[in-house]
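Where a number appears in this text, it was derived from the coordinates with a stated rule and is not lab data. These numbers come from a predicted model, not from an experiment. Cβ sites come from the backbone with ideal geometry, for glycine too, and all protein chains shown count toward neighbours.
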Amino acid sequence: MLFRSAIGLVMSLILYEPAFWLAAQWFRRQRGRALTLITFGGGLASTVFIPLTSLLTTTLEWRAALQWLAFIIAVVTVPLHLLLRRRPQEHGLLPDGDVQQTEIGGEQLVLDGASTTLADAARTADFWLLSAAFALSTAAWNGISVHFIAYGHSHGLAPAAVATAAGLIGVTQVIGRTLLGPATDRFSRRSIALALFAAQATAFLALLTVPGNLGLILYVCCFGIGFGVLTPIRAA
């Protein structure tokens, strides 16, 4: 139990959120595009590492496979992150790569988007409403992931069709992020988030009410796009 808890803690530390925080320091005008690129690469991680992990566990025992994966992280990602700086000001820059100027026309340059502390944010209703919305969305995703195969079996769907649908969700996530992610720089993020939550709800209703493979197709399209694009939206 302690070992699994430790793995869960480490996973939470190396997922998207630290990268999102760093990107938010470096980008303002182009934040949506930057976050889309990060999540695009993250969306392809399972395409590369699920087969790789399967190969390692079939040729080695699982502890050795974990050691190899840890080695990959250590030699690839750690050196890259050591080269980064927390904020562009440490390089004499402004967000989005602008050249820093301390004065313009005799007036002090003031950056927009001042930072907010966690304590300040926790005193607002918006913080808790956003936290609840994203937490419920993640819980829904985890719930359907655990029971998806069993659900398909109980409704007489072919196992191969259900497995294919599960795999295609990752593809639709990447497609959705590529097409809609940069839109967060031009349109209201609140409106986009509402549309994405509605797409997820539509996906569940389709799975419940539309029979056969058509329901699976509607679920994959609506939920993949809705949940996939919500990841960069959450960060933005």
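General remarks:
- Remark: C-alpha extents of the stretch 169-236 on the principal axes read 38, 21, 15 Å, sorted largest to smallest.
- Shown for the chain are the DSSP H helices of 24 Å or more along their axis, judged by Cα atoms, with a mean Kyte-Doolittle hydropathy of at least 0.0: 125-154, 159-180, 189-209, 212-235.
- Counting 0.36 nm for each residue step from R87 to L2 and taking away their Cα separation leaves a gain of 27.0 nm.
- Alpha-carbon radius of gyration plus Dmax, which is the widest Cα pair, for the stretch 113-219 in Å: 17.2, 54
- For the chain, modelled as a GNM whose springs connect Cα atoms under 10 angstrom apart, the maximal fluctuation among I192, I72, I144 occurs at I72.
- Once the mean of 1/r is taken over each pair of separate Cα atoms and inverted, the stretch 1-84 shows a Kirkwood hydrodynamic radius of 14.8 Å.
- Computed on the chain, with alpha-carbon pairs under 8 angstrom and 6+ residues apart, the relative contact order is 26 percent.
- Dipole check for the chain: with +1 at the C-beta of Lys and Arg, -1 at the C-beta of Asp and Glu, and the Cα centre as origin, the magnitude is about 260 Debye.
- Each label was represented as a point 7 Å from its Cα along the Cα-to-Cβ direction; for S12 and E61 these points are 3.1 nm apart.
- Å³ per residue enclosed by the Cα convex hull of the chain: 168
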